[in-house]
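**Q** Structure provided below as structure tokens; questions to follow.
Values in this text are rule-based calculations from the coordinates and carry no lab data. Remember, predicted model here, so these are calculated numbers, not experimental data. Cβ placement follows ideal geometry from the backbone for every residue including glycine, while neighbour counts extend to all protein chains displayed.
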Amino acid sequence: MVPIAALDRACPHVTDGEIAAINLESARRRAWARFTHDPLRPGVAEALLDHERLVAGFIGDFGALDRLDALASRFARADNSFRAELVHAAVASTVHRFDDARAHLTRAAELGAPPAAIERHSLSIDQACGVRLDVTLTARRRLAAVSCQLEDLIPLASLLADLERFDEAAATYYHGFHDYEGTSPFPLAWVCFQLGTLWGELVPECNPEIAAAWYGRALTYFPAYVRARVHLAEIYLRQGRADAAESILLPALWGSDPEVRWRLAEALLLKGRLEEAESHLNAARRGFDELLRRRLLAFADHAAEFYAGRGGDCRRALQLARMNVANRPTRRAAKQLQVIATQAHVTASGCYPDTAVSG
């Protein structure tokens, strides 16, 4: 892998991230207006799906998940074709209701959905659940070779990373990043975030400096990218740089991601501002509680990490980690469960079935 060389190469130029955020909100509102006026209008429901997923994934506005549920329900009442089933499948996958998503795909296929659309959704579900990865890898390679588009290269690289084929994963990410010819900053911010995660969390010998550089580049492309801010703050906290962590998190406080409050509390603890830290920690706890009440499967993994640490409830963390493995038995989920089980002084054999950790 050549992380330094990849960072030093010229970056693709795209729409300014702050302008892109304004454009996204404007497009989202217009799409809702069109959908309300005519829900059967070709492409409008699918456009709304894309907009709200961007809002949830990049801006950390989890109210978008409620709007996605509303979209799926309203579209299903208006449309009895495969389009409504595909939208329902995508919404279910977004909140990790994978069994529901598969059921909707089955109905979409029965209603005549294009096989290519069914395949793409199925690949995403299988990859998210860590199943049939050999078949998924073959299909991902084929799609990426045909399109050479970032939307196909990133899932391929992510799968390679999941399979611990890190050199190939990095090369695929770099290829997608440097050959990008679009104008939207979202795909580039996404691939930069994935590279930050690769170098900061996945490779055997992590490189926090390189990871921080990629997270920083993600924020250059899209400053409102909450997940990139949180991950960059985590690196700063491990380095004892409380001021830097606080500075990078403050612009994200307005959102609904409780991890922002959690990491800000840790920064404030390092600075000895104990009362402020406790206030943010309590807010993080309330935030996770609410997310789990409404979207248990979607936030089980992040909440398990919180409760195993600053959240101070290892028993609840263990329950959540078990639930996460049962829903999506990936290697990463199994590793998280093993760590939390050890913290809880529970033997690994008593925590999860062998099938949850194989492969």
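**Q** For the chain, give the magnitude of the charge dipole about the Cα centre (Cβ charges: +1 Lys/Arg, -1 Asp/Glu; no others), in debye to the nearest 20.
**A** 720 debye
**Q** Relative contact order, percent, of the chain when contacts are C-alpha pairs under 8 Å separated by at least 6 residues? Don't skip to the end; give the middle numbers.
**A** Values: 466 pairs, mean separation 50.0, N = 359.
Relative contact order, the chain: 14 percent.
**Q** When the convex hull of the C-alpha atoms of region 10-75 is computed, what volume per residue in Å³ does it have?
**A** 91 Å³
**Q** Given the Cα-Cα distance of residue 141 and residue 313 and 0.36 nm per residue of separation, how much length would full extension add, in nm?
**A** So the extension gain works out to 57.7 nm.
**Q** Where does each of 192, 129 land when they are ranked from fewest to most other beta-carbon atoms within 10 angstrom?
**A** 129, 192
**Q** Shifting gears a bit: Rounded to a whole number, what is D in µm²/s for region 1-143 from Stokes-Einstein with the Kirkwood radius over alpha-carbon pairs (37 °C, 0.692 mPa s)?
**A** Answer from the Stokes-Einstein relation: 194 µm²/s.
**Q** Turning to a different aspect of this structure: Tell me, 118, 19 in order of fewest to most beta-carbon neighbours within 10 Å?
**A** 19, 118
**Q** Give the distance, in whole Å, between the Cα centre of region 271-310 and the Cα centre of region 7-82.
**A** Using only Cα atoms to place each centre, the spacing works out to 27 Å.
**Q** In units of 2.2 N^0.38 Å, what is the alpha-carbon radius of gyration of region 132-260?
**A** Region 132-260 yields a ratio of 1.10.
**Q** Would you indicate which of (i) 18.8; (ii) 17.9; (iii) 24.5 is the value of mean projected area of the Cα convex hull in nm² derived from the coordinates of this structure?
**A** (ii)
**Q** Out of 245, 318, 159, whose Cα points farthest toward the positive end of the dipole of the chain (charges: +1 Lys, Arg; -1 Asp, Glu; placed on Cβ)?
**A** The listed residue farthest towards the positive side: 318.
**Q** Using only alpha carbon pairs under 8 Å that are at least six residues apart, calculate the relative contact order of region 38-130 and give it in whole percent.
**A** 21 percent
**Q** Let me ask something else. Dividing the convex hull volume of the Cα atoms of region 203-359 by its residue count, what figure in Å³ per residue is obtained?
**A** On the way: hull volume 20.0 nm³, N = 157.
Once divided by residue count, the hull of region 203-359 is 128 Å³.
**Q** Once label points are set 7 Å from the Cα along Cα→Cβ at both residue 278 and residue 50, what is their separation, rounded to one decimal in nm?
**A** Going from the residue 278 label point to the residue 50 one covers 4.9 nm.
**Q** Given the convex hull over the Cα atoms of region 225-293, what projected area results after averaging over all orientations, in nm²?
**A** Computed as one quarter of the Cα hull surface, the answer is 4.1 nm².
**Q** Tell me, what HN-Hα J-couplings in whole Hz come from the Karplus equation 6.51 cos²θ - 1.76 cosθ + 1.60 at θ = phi - 60° for each residue of region 92-103, using x for Gly and Pro?
**A** Each residue's phi maps through the Karplus curve to give 4, 5, 4, 9, 6, 8, 6, 4, 4, 4, 5, 5 Hz.
**Q** At a threshold of 8 angstrom on Cα-Cα distance, excluding pairs fewer than six apart, so keeping six or more, what relative contact order does region 225-293 reach in percent? Each step should come with its number before you reach the end.
**A** On the way: 75 pairs, mean separation 18.9, N = 69.
Reported relative contact order: 27 percent.
**Q** From the phi angles alone, apply the Karplus equation (6.51, -1.76, 1.60; θ = phi - 60°) to region 216-221 and give each ³J(HN,Hα) in whole Hz, x where the residue is Gly or Pro.
**A** After applying 6.51 cos²θ - 1.76 cosθ + 1.60, I find x, 5, 4, 6, 5, 6 Hz.
**Q** Here's a follow-up. Note down the net charge around residue 47, summing +1 for each Lys or Arg and -1 for each Asp or Glu among other residues with Cβ under 15 Å from its Cβ.
**A** So the environment of residue 47 carries a net charge of +3.
**Q** Next question, about the same structure. Using the number of other C-beta atoms within 10 angstrom as an exposure proxy, rank 243, 152 with the fewest first.
**A** 243, 152
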